1. Relative contact order for chain A: what is it in percent, counting Cα pairs under 8 Å that are at least 6 residues apart?
2. Taking accessible area as the heavy-atom solvent-accessible surface of the protein chains with a 1.4 Å probe, which residues of region B:54-77 lose no less than 30 Å² upon going from the isolated chain to the full protein assembly?
3. Considering lysine pairs in the protein assembly as shown that are 8 or more places apart or on different chains, how many have Cα atoms under 25 Å apart?
4. Hey, rough spin-label estimate for B:Glu127 and B:Glu154, points 7 angstrom out along Cα→Cβ, what's it come to in nanometres?
5. Using the Kirkwood formula on the Cα atoms of the protein assembly as shown, what hydrodynamic radius do you get, in angstrom to one decimal?
6. Alpha carbon centre of region B:51-65 versus region A:121-144: separation in Å?
7. Quick one: if you stick a label point 7 Å off each Cα along the C-beta vector at B:Ile175 and B:Thr115, how many nm between them?
8. If you put +1 on each Lys and Arg Cβ and -1 on each Asp and Glu Cβ, how big is the dipole of region A:57-152 around its Cα centre, in Debye rounded to 20?
There are 2 protein chains.
Amino acid sequence: MVRVDAADVYEVEVKVPADHDAVRDALASVGAEVGATVEQADTYYDAPHRDFAATDEALRVRRVRADGEEDARLTYKGPKVDAESKTREEIETGVEDAGDAGAILEALDFSPAATVRKRRTYYAYGEYTVVLDDVEGLGEYVEVEREAAEADVERALEEAYEVLESLGLDPADQIRTSYLGLLLE
Amino acid sequence: MVRVDAADVYEVEVKVPADHDAVRDALASVGAEVGATVEQADTYYDAPHRDFAATDEALRVRRVRADGEEDARLTYKGPKVDAESKTREEIETGVEDAGDAGAILEALDFSPAATVRKRRTYYAYGEYTVVLDDVEGLGEYVEVEREAAEADVERALEEAYEVLESLGLDPADQIRTSYLGLLLE
């Protein structure tokens, strides 16, 4: 998966299902550095005036809990910019109160479609971030991701596959469906 | 005007056009305390799926600049709860970046209808806040406001008129139209 934000930064990410115990051992032996663990609850909204599934858009309120502090963000994900690069626009801002942000959306007749809850641990591994996601109702996944300029996207994707292999994981297991998509299946 | 927020706090406010120089002198002589001066830019959005003018709702991104710092808020104002009390629901949350919040709304096909820009100075006067607004394109206004429980709304409104009179202003000059409404007239 490759996403692009408004500043033309491409987010290269590869996700596979994986047993976390084995991956944690592999991360330790390659010398990856463990970072924060956070709890994320992502509520996705349906729109009153169009079908986001058909338009390939998403609107999300994310609550993040880390070290007892809660943080919230409102994010719009646009449709894929072109089929080949699988990039999409993302616009995001922090919000003071996730409950109020959701209440504003609901007052405008956007309706909560589903909430994806996960416990996420970050590792730094070279230029890459390795993310261990334990997703409620879905199980354990590993994502390898980094930002890249447009010209570096192909190389970054190849290297992400190499990172997966160095952790004992198979790039062929890659899952391109979002957690939301998997939950709604 | 009386507004009510989600916690059933009623916002009683009375607004009149007024020359600020004279009102500042009057505020000084009654011993009101001058507070902060802020610059506010309020962008109101039209919705793609309904006519806010007809439904009596509003969606606003407010940028506040004070002491060189910028702050932003996203606010939904619901239709009047009942005709008699002129109360309406307000749901508001701070947002990290007004530009991104506006860009998310525009990506969802909400469109900026108008921006109200004003310089606002607060005074504390007993239980009331007196607000001196210099509105771009409209001129100078004074608002007298306080919060009140439902049972105290009538009394608070009467006292707000008395505050106006003590500042040499005439409650009969009250303008019930919002600055947005005045700008769009």
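1. Details: 379 pairs, mean separation 58.0, N = 185.
Once divided by the residue count of chain A, the mean separation gives 31 percent.
2. The answer is B:Leu74, B:Tyr76.
3. 16
4. 1.5 nm
5. After inverting the mean inverse Cα-Cα distance, the result is 23.7 Å.
6. Cα centres, region B:51-65 to region A:121-144: 40 Å.
7. Here the modelled spin labels are 2.1 nm apart.
8. Values: 14 positive and 25 negative charges, 63 e Å.
With only Lys, Arg, Asp and Glu charged at Cβ, the dipole is about 300 debye.
The values are calculated or read from the model by the stated rules, or taken from the named source; none is laboratory data. Being a predicted model, the structure only gives us computed values, none of them experimental. Because the Cβ atoms are built from the backbone with ideal geometry, glycine has one as well, and the counts that use them run over all protein chains shown. Heads up: the accessible areas ignore ligands, DNA and RNA and are worked out on the full protein's heavy atoms, side chains in. Shrake-Rupley method; radii C 1.70, N 1.55, O 1.52, S 1.80 Å.
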